[in-house]
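The values are calculated or read from the model by the stated rules, or taken from the named source; none is laboratory data. Quick caveat, the model's predicted, so the values are computed rather than measured. With ideal geometry, Cβ positions are generated from the backbone for all residues, glycine too; neighbour counts draw on all protein chains shown.
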Amino acid sequence: MSRMEAKDGSVGFDFWGIYDAIIPNKYIEYTLGDDRKVKITFAGNDTETKITENFEAEKTNPVEMQRGGWQAILANFKKYTESYPG
């Protein structure tokens, strides 16, 4: 189980899932606890990687809000990887 939460603690939620397929450095597919599917592909070369993430939206929140949340996660991941000293 994982927890996603705003830095200011104003909103947050717990979630979990099961990995359905993993191809190292190429593809991850998993099913969230509410049966929604997520598929992630990695494509690139020695200097850059393009990450494409497709997800099934839940029905409680607007799709644009969910897309923004997923994009924020990817943006933070990009920032983290670009700051990695290795």
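The table below gives the values:
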{"read-out": "Elements of type strands (runs of 3 or more DSSP E) contained in the chain, each with 2 or more residues being surrounded by 11 or more Cβ atoms within 10 Å (Cβ to Cβ) and at pLDDT 90 or above", "value": "17-23, 27-32, 37-44, 49-55"}
{"read-out": "Contacts under 9 angstrom Cβ, first residue in segment 16-32 being closer than 14 Å to Met1 by Cβ, partner modelled with pLDDT of 95 or more and aromatic (Phe, Trp, Tyr), 6 or more apart", "value": "Gly17/Tyr30; Ile18/Tyr30; Tyr30/Tyr19"}
